[in-house]
Amino acid sequence: MTYGTNHQIRLAARPVGLPKPSDWQFTESPIPDPKDGEVLVKVLDLSLDPAMRGWMNEGKSYIPPVGIGEVMRAGGVGRVVASKHPNFAARDHVNGALGVQEYVALPGAQLTKIDPAMAPLAVFLNTLGMPGMTAYFGLLDVGQPKPGETVVVSGAAGAVGATVGQIAKIKGCRAVGIAGGAAKCRYIVEELGFDAAIDYKAGKLKQDLRQACPEGVHVYFDNVGGEILDTVLTQLARRARIVVCGAISQYNNTTPVKGPSNYLSLLVNRARMEGMVVFDYADRFPQAVRDIAGWIKEGKLKSREDIVEGLATFPDALLKLFSGENFGKLVLKVADA
Ligand SMILES: NC(=O)c1ccc[n+]([C@@H]2O[C@H](COP(=O)([O-])OP(=O)(O)OC[C@H]3O[C@@H](n4cnc5c(N)ncnc54)[C@H](OP(=O)(O)O)[C@@H]3O)[C@@H](O)[C@H]2O)c1
């Protein structure tokens, strides 16, 4: 059976610094026919993630790089068009690594069924998806916050950060967010219930941190790295935990990553710093989804998505993550449900 034409965006070159238009290639090919065990999916919403920048680089990471000429990797949600896998039927909704394209045929084992009655589809790419899982396990398993402790999170108005701060509040902690600009700072305090927000672009982070965290920082959930991490290191409480989740300030560097010069604060404060990768917790995702869905239902946790439209806008839309133009989880709508 033939289904028509598929449009795809492929990696054309490995970027130096911020990705530029010539790093991408727009291609057309026939929509694939699913083989035995496969499912043909129409892509509806794609997750745009800071990690995509890392996947474009050559070299060893927690996941292989996207090859030159390959369709750009992206998580997404879509609708089943045709299925040759017993667990899926046409019109089911699914979540998986769909790629930056309009249609994809994937083995059923690589897809998870989702229930669109539970939440808008984009929420499955945010609080009920990978960023939500990152916030939940990064904070609770690695950060191990105790009631009354101060949790500081950077990238606080973004997908992972906003959820970290809200879970910290649910667990009885004081939540302090670091974000860029007055609007994001107002949002995390007034809408999300953070105790305090610090605009790092105001240029007095150390002073503002000291004021917002009079007992020091017990847990720092780091999404940005660089100078912000280095400054938070100067404000640690005894036995503080730093969750190394990401370092977006460093992803487009053309010079070596800037490491923290204040790391001896870990020694002085008997503190620790630990990296985490969300995929390691895959077998526990159902537990996190249950908890987060429950908190959303009880009105304790909010999910904000920033939706841009059209497959062709992908190269420009991705850059919003690095300029801070996204306000909430950045989602690319490829087609209407
Ligand atoms: N370890 C894992 O398994 C895992 C999983 C998912 C995500 N992550 C990481 O988590 C972090 C957040 O991801 P997300 O999806 O939630 O993105 P996001 O926070 O929704 O979007 C990125 C935000 O980063 C901020 N930013 C950009 N450049 C910055 C800079 N130079 N300094 C400080 N802040 C900067 C911007 O916010 P402002 O306007 O506030 O500057 C921007 O809106 C990323 O580092 C990502 O790689 C890790």
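The values are calculated or read from the model by the stated rules, or taken from the named source; none is laboratory data. Because the structure is predicted, anything quoted here is derived from the model rather than measured. Please note: Cβ atoms are built from the backbone with ideal geometry, for glycine as well, and neighbour counts cover all protein chains shown. SASA here: full protein model, heavy atoms, side chains in, ligands and nucleic acids out. Shrake-Rupley method; radii C 1.70, N 1.55, O 1.52, S 1.80 Å.
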Exercise. So how do Glu215, Glu149 rank on accessible area, 1.4 Å probe, biggest first, that is with the largest at the start?
Worked result: Glu215, Glu149
Exercise. What does the accessible area of Tyr187 come to, in Å² to the nearest 10, when a probe of 1.4 Å is used?
Worked result: 30
Seminar exercise, completed: In Å², rounded to a whole number, the accessible area per residue of the range 40-169 with probe 1.4 Å is 34
Exercise. Taking the Cβ-Cβ separation of Arg270 and Tyr62 as r and a Förster radius of 35 Å, what is the calculated FRET efficiency to the nearest 0.05?
Worked result: 0.80
Exercise. Of all the accessible heavy-atom surface of the range 182-337, with the other protein chains kept in place and a 1.4 Å probe, what percent is carbon and sulfur?
Worked result: 50
For this session: Would you tally the net charge around Ser265, using a Cβ to Cβ cut-off of less than 15 Å, leaving Ser265 out, and scoring K and R as +1, D and E as -1?
Result: +4
Problem set entry | Relative contact order (%) - the chain, alpha-carbon pairs under 8 angstrom, separation at least six | 17
Exercise. Based only on Cα atoms, what Rg/Rh ratio does the range 89-135 have, Rh being taken as Kirkwood's radius?
Worked result: 0.96
For this session: Name the most mobile residue of Ser47, Ser83, Ser261, meaning the one with the largest mean-square fluctuation, in a Gaussian network model of the chain with Cα contacts below 10 Å.
Result: Ser261
Exercise. Size of the dipole of the chain about the Cα centre, Lys and Arg at +1 and Asp and Glu at -1 on the beta carbon, nothing else charged, in debye to 20?
Worked result: 900
For this session: Rounding to the nearest 20 debye, state how big the charge dipole of the range 135-237 is about its Cα centre with +1 on each Lys and Arg Cβ and -1 on each Asp and Glu Cβ.
Result: 140
Seminar exercise, completed: Heads up, the range 257-337 by the C-alpha gyration tensor (a ≥ b ≥ c square roots of eigenvalues; a/c under 1.5 rounded, else a/b over b/c prolate, else oblate) looks oblate
Exercise. What percent do you get for the relative contact order of the range 203-282 when only Cα pairs under 8 Å and 6+ apart count?
Worked result: 32
Exercise. Looking at the range 284-329, which GluC sites (Glu not before Pro) are in a loop (DSSP not H, G, I, E or B) and have at most 16 other Cβ atoms within 10 Å?
Worked result: Glu298, Glu325
For this session: Kindly identify the range 191-246 as rounded, prolate or oblate by the Cα gyration tensor criterion: order the square roots of the eigenvalues as a ≥ b ≥ c, call it rounded if a/c is under 1.5, otherwise compare a/b with b/c, prolate if a/b is larger, else oblate.
Result: rounded
